[in-house]
Amino acid sequence: MHAEATTHLDRSIQAIHETGAKAGVALNPHTPEGVLDYVLERLDLVLVMSVNPGFGGQSFIDSALRKTEQARKRIEASGRDIRLEVDGGIKVDN
């Protein structure tokens, strides 16, 4: 789910896990990766959006590279097996 989709992100992640499903958080281009600090220990997936969701044909937003690096550092520091993905505007040259 997108971090902004709920006012109670931690509770929403818990509710997802209670169904037996895995939970992930999508970070929009404007969402600071610091959001992960509050929920990382409960996540199975982090998705960095490298375009603004909902608008096709957008170009890759370069700041997503820094956000991906920061998310990877947080994940590694947690010691957990959390999948990290990037979505939007991905091409061979970026």
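Within the bounds of region 53-75, is there any residue that is more than 29 Å from residue 93 (Cβ to Cβ), free of Cβ contacts under 8 Å to residues at least 60 places away in the same chain, open to solvent by less than 80 Å² (accessible area, probe 1.4 Å) and part of a loop (DSSP other than H, G, I, E, B)?
no
Please go through region 20-49 and pick out each residue that is of a type in the set (Gly, Ala, Ser) and modelled with pLDDT under 95.
34
Counting just the residues of region 14-28 that are in contact (Cβ under 8 Å) with a residue 24 or more places away in the chain and over 13 Å from the mean Cα position of the chain (by Cα), which one comes out least open to solvent (accessible area, probe 1.4 Å)?
Filtering region 14-28 for residues in contact (Cβ under 8 Å) with a residue 24 or more places away in the chain gives 14, 17, 24-28.
This time we only want the ones that are over 13 Å from the mean Cα position of the chain (by Cα), so: 14, 17.
Numbers: 14: 85, 17: 69 Å².
Top of the filtered list is 17.
Taking region 78-94 as the search range and keeping residues that are assigned to a strand (DSSP E or B) and surrounded by 14 or more Cβ atoms within 10 Å (Cβ to Cβ), which one is modelled with the highest pLDDT?
Ranking the qualifying residues of region 78-94, first place goes to 84.
Would you tally the residues in region 29-45 being open to solvent by 50 Å² or more (accessible area, probe 1.4 Å) and either without any contact (Cβ under 8 Å) to a residue 12 or more places away in the chain or within 21 Å of residue 62 (Cβ to Cβ) (or both)?
2
The values are calculated or read from the model by the stated rules, or taken from the named source; none is laboratory data. Please read these numbers as outputs of a predicted model, since none were measured by experiment. All Cβ positions, even for glycine, are placed from backbone atoms using ideal geometry, and neighbour counts span all protein chains on display. Just the protein is used for accessible areas: all its heavy atoms, side chains included, with ligands, DNA and RNA removed. Shrake-Rupley method; radii C 1.70, N 1.55, O 1.52, S 1.80 Å.
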